[in-house]
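The values are calculated or read from the model by the stated rules, or taken from the named source; none is laboratory data. Everything numeric in this text was worked out from a predicted model, so none of it was measured. Every residue, glycine as well, gets a Cβ built from its backbone with ideal geometry; the counts of neighbours run over all protein chains shown. Surface accessibility is based on the protein's heavy atoms, side chains included, excluding ligands, DNA and RNA. Shrake-Rupley method; radii C 1.70, N 1.55, O 1.52, S 1.80 Å.
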Amino acid sequence: QVPLVESGGGLVEAGGSLRLSCAASGGTFSRYAMAWFRRAPGKERELVARITSGGGTNYADSVKGRFTISRDNAKNTMYLQMNSLKPEDTAVYYCAARYSFLSDYVPPNYDSWGQGTQVTVSS
């Protein structure tokens, strides 16, 4: 497991943008498969986007074309650029990680989690 800390959440109007960051401390960041999840009030946690240690990405249908996941291994940091935000994007966003022996490995679950950062989109 690796400690993770999210930042960058806040209040934004619909149509606006935010960039979330997830900083990892310790471990070999470049060997971790990473992901962003979110939990909206009254709803279950859902996968937003994920990125393998090799840089492969995929997204939930609800955010395709609006959100971009990326990573900077030199900074031990993962990002989520969120554009064209909608009120339904309002949620607590969590980053997650799992050590990956293969660069294209997509883990079925993640074993390191951050504390979450609140994103609120007003209409």
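What the table shows:
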| quantity | calculated |
| --- | --- |
| Unique residue being buried (at least 21 other Cβ atoms within 10 Å of the Cβ), over 11 Å from the mean Cα position of the chain (by Cα) and farther than 19 Å from ASN109 by Cβ when the list is LEU85, LEU80 | LEU85 |
| Residues of the stretch 88-101 satisfying the condition of being closer than 19 Å to GLY15 by Cα and either out of contact with any Asp or Glu (no Cβ under 9 Å at 6 or more places or on another chain) or open to solvent by 10 Å² or more (accessible area, probe 1.4 Å) (or both) | GLU88, ASP89, THR90, VAL92 |
| Residue match in the stretch 67-75 (condition: among the aliphatic types (A, V, I, L, M), farther than 16 Å from PHE37 by Cβ, open to solvent by 60 Å² or more (accessible area, probe 1.4 Å) and not in a loop (DSSP other than H, G, I, E, B)) | yes |
| Output for the stretch 2-42, where each listed residue is more than 22 Å from TYR110 (Cα to Cα), among the hydrophobic types (A, V, I, L, M, F, W, C) and open to solvent by 60 Å² or more (accessible area, probe 1.4 Å) | LEU11 |
| Residue selected from the stretch 39-52 under the condition under 14 Å from the mean Cα position of the chain (by Cα) and not aliphatic (A, V, I, L, M), by the criterion nearest to ALA96 (Cα to Cα) | ARG50 |
